[in-house]
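The values are calculated or read from the model by the stated rules, or taken from the named source; none is laboratory data. The structure displayed is predicted, hence computed values, not measured ones. Note that we place each Cβ from the backbone using ideal geometry, even for glycine, and neighbour counts take in every protein chain shown. Remember, those area values only see protein heavy atoms, side chains included, never the ligands or the DNA or RNA. Shrake-Rupley method; radii C 1.70, N 1.55, O 1.52, S 1.80 Å.
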Amino acid sequence: MAGIDDLRQIGERFDGEKARAADRSSLEELHARYLSRKSGLLTLEMQRLRELPADQRPAFGKLANRLKQRIESELAEREAALAGEERSAREETEALDVSLPGSRPRIGHRHPITLARRAIEDIFLAMGYTVEDGPEVETTYNNFDALNIGPEHPSRDESDTFYISDDIVLRTQTSPVQIRTMERQPPPIRIICPGRVFRRDELDATHSPMFHQIEGLVVDEGISFGDLKGTLDLLHRQFFGERTRTRLRPSYFPFTEPSAEVDVSCEFCESRGCRVCKHTGWIEMMGAGMVHPAVYDCVGYDTARYSGFAFGLGIDRYAMLKYGIDDIPLLFQNDMRFLSQF
Amino acid sequence: MKISIQWLRDFLDLPEAPRAVGERLTLAGLAVDGVARAGSDTVLELDVTANRGDCLSHIGVARELSAIYDVDIRSPEAAAAEGSAAMDDVFAIAIEDAGLCRRYCGRYISGVRVGPSPEWLVRRLEAVGIRSVNNVADATNYVLMELGHPLHAFDADTLDGSRIVVRRAAAGETLRTIDGDERRLDDTTLVIADARRAVALAGIMGGLDTEISDRTTNVLLESAWFDPVSVRKTAKRIRLGTEASYRFERGADVAMAATALERAAGLIIELAGGVALRGVIDVYPAPIEPDRIALRRGRIAEHLGAAVPDAEVERVFRRLGFEPRVSADGWTVRTPSHRHDIAREEDLIEEIARHHGYERFPATLPVWSGQGRQLPSHAGETHVRDTLAGLGYTETCSIAFGNRDTQAAFAPGVEPVEIRNPLSEDAPILRTSLVPSVLGSIQWNLNRGLRDVALYEIAKVYPTSGEKRRLVMAATGAADAPRIHQSTVETDFFRLKGEVEALLSRFDLVLAESTDALPPYLHPGRSVRLGAVASVGELHAEWESRFKFRQKICVAEIDIEHVLERGLRAIATAPIPKYPAVRRDLSLLVARRTPYRDVVEAVHRAGIAELTDVFPFDRLERGPFSASFYSLAVTLVFQSGERTLTDSEVQGFAERVLAELRKIGIELRS
Ligand SMILES: [Zn+2]
């Protein structure tokens, strides 16, 4: 039974060589040595099948096939094990100190006034308001006369308003945009007018010669003081948080009647009274009111048919309260240590 | 305005403690800014709005409280004991300008003894911030604070001719006022004069020569009504504001003139003795009639959002001194003489709202259909801001005023808008360029130890031709945050140019590059214009040193108004190419004076439709070639929408490109 013995010898020899194969290339060599189509030891041995007597052939064939399968599967198994070891070794050498910081790209920051402006605009856009703008260098007429601010009103003083000439000022409010809009189109009007305004104050912790406003104007049939209250209440709950309450108290502006100062509940002390709210539990935020009929007279609206409300808020003030800024110059110094917090 | 709680109690019973009274007043429109103890008294600090001159007194505040608490008011005693001699036998009063002085009441008190005031009076005046002078002056000040009506006491014996004439000053006339200043008057100034000269600035301040002194025995007491505008103009012109002018400017109560006179006369006699001559001289040529205004019941609910019961409407009006008379659809309301701010129906509705309580009207939202819109520029602006944030630029906001010389240097030839009354002579114009501001901001941060800064601002500039929005970008130092994994890239001309190109690439713009008409503040060899829209460059050495910068600063100025007007390009997608693109690299020798732009233009002149891109990938200034050349490697990308390009086709394209390049002296580097 020479053939069968030969097969056994091949098998034993394979076992010895397999044990010595330490890497994948040796395994490939082994595969070639035993199983290569032309010169593999087992391949050649199997070709001797025809030389064997017919009665020995089935046993030999069976044994040879079994050996072939064994070599193939053991090589594959060994290869998989080696691949695993290599992968682990590579992972070991490639390992990083992942506690180092990431290569963080520099991302710019929005100015707090822009952030607050966008937030307020979005609240009103969602309520169906349209955004309007207009020039910052305005006519005295649009800035004062058309708003029922008489020629003797103190806000017209050169100590309060920047003048270019008798007829041209730096607008002290964005209300002129309301006038321009009303002169251009009939009711219904639902607009907000964001923009830059000027008052003749030196820059200090609580004043600035330039600041930013959003004024709102609604003129339609059946608009009431209650609608103004509800609108401002919604604004403050969305901007400052759902718990914020809004309070209107009587005040005076030449272009509204009734007029109101609008307060929000102090978040810092939960309305118990603190330094921020001057121990009142309320923080004054803006002026508002029902549009004075004299304003409608100026733009030619029918006062019997239409009513409306208007409000004007300082974006800077809203940003300061929301983000806890207590010094106005911070808004205009452009110090990165401040701006990078937004 | 300081209000004493004890003083208020003379007029009405207060059912609540001072702090609560303050809160009620605040919610009725008289903002109480402070509540302070003053001995046994409590003083409220009131911020009275300009329309409510009637509340610059204790009686005025008491009137509001009588409506708030629905309680009655006690009127102060106003009567003076009279002697038998008649005033008009010894004194005369005449108004020459009845437009500026509607009423003038006078009382003559003889035989007073001027001296210190009693303790209670001194303390009351002190509580509301007034220093005691003498019993006569204190009496007038007391009535001022109590009834809100300014009075003036003259030493009657110093009045020449025993007469008062209310007239305009003559040009060049002068008057030494009680504060000792010599005032030059003109014919817009209303004065109180005696037979010879001006003795008081009407409604503002009395004269020094005729004031009450220790020797005074006879007093002429004035209680008048002066035109608010005239008092305001005069007070402003001579820069003298007094308790009296403050009240006349806001409109005094013409009816109160007589009452206040009697109250003060009674008080003077009580404090300083003497007797009032019989009768009052009351010159009131054209009595001011109260307004009657119609108020429709339905309008209240329409305007405020909820109806108010009739009884409440009438209660509020009566308590405030209005007289409501029922009409067919509401009321006709007579306004009291102390209110100058009530002219229309809406003004009456406000009184109801104020005293019924703003908090009692429901908070509703207007009901409407339709949709709101952002500004047309909004989408583009948002894209710009988002991109800039992504590029690492932080937004700044600078005050819009500028220095004349600096602005002229950064925006030469642009006529600025001048402010007539600037805060500072150093910044008297509106900015015509945003560049100085952003450089100032860079400087501010570098001076505080930062090194890597990238800032932008979107704001208006204001040439006389019309205000326009601009974008300015400025960057210096590393373009990325510091990192240990690889070295950072310093911001330079090409970095900023690329950022601006990326920023503008989505807009509907054609950006032809040019180096003509570069801004003078940029390095002439390191700056470029992109169309008429942007200029980009490194800061000129002169400005580098003027701002004391010790590192490279890159600046871009962009006409964002124009960019946003053009708007974002409409998106219309093209199909993804089916056939592969083929790249062909060319290594070229280019004459030193030939800019890259000429190379690209020559490549395009070959007119190859399949050429989809051309970009440089290497540039060598020196090498194994003549010093008058540089080596430039460019990549050409070819692609066909119809088939895969063959090698020989691509080779043919390259030959055609090279032929064009040769025409401008560019050779293939061998
Ligand atoms: Zn608080």
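Would you please name the trypsin sites (Lys or Arg not before Pro) within segment B:582-670 that are DSSP coil residues with at most 16 other C-beta atoms within 10 Å of their C-beta? Counting only loop positions with at most 16 other Cβ atoms within 10 Å, the trypsin sites (Lys or Arg not before Pro) in segment B:582-670 are B:592, B:593, B:622, B:643.
Per-residue shielding of A:251-260, expressed as the average number of other chain Cβ atoms within 10 Å of the residue Cβ, stands at 6. Label-to-label distance for residue B:656 and residue B:622 is 4.0 nm, based on points extended 7 Å past Cα in the beta-carbon direction.
Summing charges over all other residues whose Cβ lies under 15 Å from the Cβ of residue B:539, with Lys and Arg as +1 and Asp and Glu as -1, gives +1. The share of alpha-carbon pairs in chain A lying farther apart than 31 Å comes to 55%.
Per-residue 3J(HN,Hα) values for segment B:59-73, derived from phi via the Karplus relation 6.51 cos²θ - 1.76 cosθ + 1.60 with θ = phi - 60°, read 5, x, 5, 4, 4, 4, 5, 5, 6, 4, 9, 6, 10, 7, 10 Hz in sequence order (x marks Gly and Pro). Using 0.36 nm per residue and subtracting the Cα-Cα separation, the extra length available between residue B:648 and residue B:72 on full extension is 196.4 nm. The orientation-averaged projected area of the convex hull spanned by the Cα atoms of segment B:119-218 comes to 6.9 nm². Per residue, the accessible area of segment A:112-339 comes to 35 Å² when a 1.4 Å probe rolls over the protein heavy atoms.
Across chain A, C-alpha contacts under 8 Å between residues 6 or more apart give a mean separation that, scaled by the residue count, equals a relative contact order of 15 percent. Find out how many positive minus negative residues lie around residue B:515, taking Lys and Arg as positive, Asp and Glu as negative, among other residues whose Cβ is under 11 Å from that of residue B:515. For residues surrounding residue B:515, the net value is +1. Sort segment A:180-232 into rounded, prolate or oblate with this rule: let a ≥ b ≥ c be the square roots of the eigenvalues of the Cα gyration tensor; rounded if a/c is under 1.5, and if a/c is not under 1.5, prolate when a/b is larger than b/c, oblate otherwise. It comes out oblate by the Cα gyration axes. Using the Cβ-Cβ distance between residue B:286 and residue B:2 with R0 set to 51 Å, the FRET efficiency from 1/(1 + (r/R0)^6) comes to roughly 0.90.
Along segment B:659-670 the Karplus relation, 6.51 cos²θ - 1.76 cosθ + 1.60 evaluated at θ = phi - 60°, assigns HN-Hα couplings of 4, 5, 5, 4, 4, 9, x, 9, 10, 5, 7, 8 Hz to successive residues, with x for each Gly and Pro.
Accessible area ranking (1.4 Å probe, heavy atoms, ligands and nucleic acids excluded), largest first, for B:105, A:274: A:274, B:105. The separation of segment A:131-208 from segment B:295-350, counted between C-alpha centres, amounts to 32 Å.
Selection among B:225, B:284, A:165 by position relative to the dipole of the protein assembly as shown gives A:165 as farthest towards the positive end (Cβ unit charges, Cα centre).
The relative contact order of chain B comes to 9 percent, based on Cα pairs under 8 Å that sit 6 or more residues apart.
In a DSSP loop and with at most 11 other Cβ atoms within 10 Å, the trypsin sites (Lys or Arg not before Pro) in segment B:125-182 are B:131. Annotation for residue B:495 and residue B:334: the two label points, set 7 Å from Cα along the Cα-Cβ direction, are 8.2 nm apart.
In this simple spin-label approximation, residue B:229 and residue B:481 carry label points 7 Å from Cα along the Cα→Cβ vector, and these lie 6.4 nm apart. Note on segment B:1-51 and segment B:617-637: Cα centroid distance 86 Å, given to the nearest whole angstrom. Segment residue A:12..residue A:185, full-extension length gain: 52.1 nm, with 0.36 nm per residue of separation and the alpha-carbon distance subtracted. For chain A, the longest principal axis of the Cα atoms and the long axis of helix A:24-35 meet at an angle of about 40 degrees.
By the equivalent-ellipsoid construction on the alpha carbon gyration tensor, the protein assembly as shown comes out with semi-axes of 88, 37, 27 Å, ordered largest to smallest.
If the segment from residue B:667 to residue B:213 were pulled out straight at 0.36 nm per residue, it would be longer than the present Cα-Cα gap by 152.6 nm. Of the residues in segment A:100-115, those shielded by at least 30 Å² of accessible area once partner protein chains are present, compared with the chain alone at a 1.4 Å probe, are A:100, A:103, A:104, A:106, A:108, A:109, A:110, A:111, A:114.
Cβ-Cβ distance of residue B:604 and residue A:126, R₀ of 56 Å, FRET efficiency by 1/(1 + (r/R0)^6): the value works out to about 0.70. Protein-only accessible surface at a 1.4 angstrom probe places the residues A:279, B:355 in the order A:279, B:355, largest first. Total buried accessible area between A and B, probe 1.4 Å, nearest 100: 7300 Å². Within straight-line reach of residue B:552, meaning a Cα separation under 23 Å, sit the following lysines at least 8 residues removed in sequence or on another chain: B:497. Within the shell defined by Cβ-Cβ distances under 15 Å, the residues around residue B:48 carry a net charge of -2, with Lys and Arg each +1 and Asp and Glu each -1.
Shielding of peptide B:481-489 by partners, expressed as the average count of other chain Cβ atoms within 10 Å per residue Cβ, is 3. Shown for chain A: cysteine residues without a partner Cβ closer than 4.7 Å, namely A:193, A:298. Rounded to 0.05, the FRET efficiency of the residue A:305 and residue A:155 pair, given R0 = 51 Å and the Cβ-Cβ distance, is 0.95. Once the partner protein chains are put back, segment A:311-341 shows a loss of at least 10 square angstrom of accessible area, versus the chain by itself, at A:332, A:333, A:334, A:335, A:336, A:337, A:339 (probe 1.4 Å, ligands and nucleic acids excluded). Inter-part distance, segment A:71-108 to segment B:541-594, computed on C-alpha centroids, equals 41 Å.
Take B:529-535, B:554-560 and order them by the average number of nearby Cβ atoms within 10 Å per residue, most first; the result is B:554-560, B:529-535. In terms of overall dimensions, the C-alpha atoms belonging to segment B:2-69 reach 32, 21, 18 Å along their principal axes, ordered largest to smallest.
Of the residues B:65, A:41, the one with the largest accessible area comes first in the ranking A:41, B:65, computed with a 1.4 Å probe on protein heavy atoms.
Over the Cα atoms of segment B:201-262, the radius of gyration divided by the Kirkwood radius equals 1.01; this is the Rg/Rh ratio.
For the protein assembly as shown, with all protein chains in place and a probe radius of 1.4 Å, 49% of the accessible heavy-atom surface sits on carbon or sulfur.
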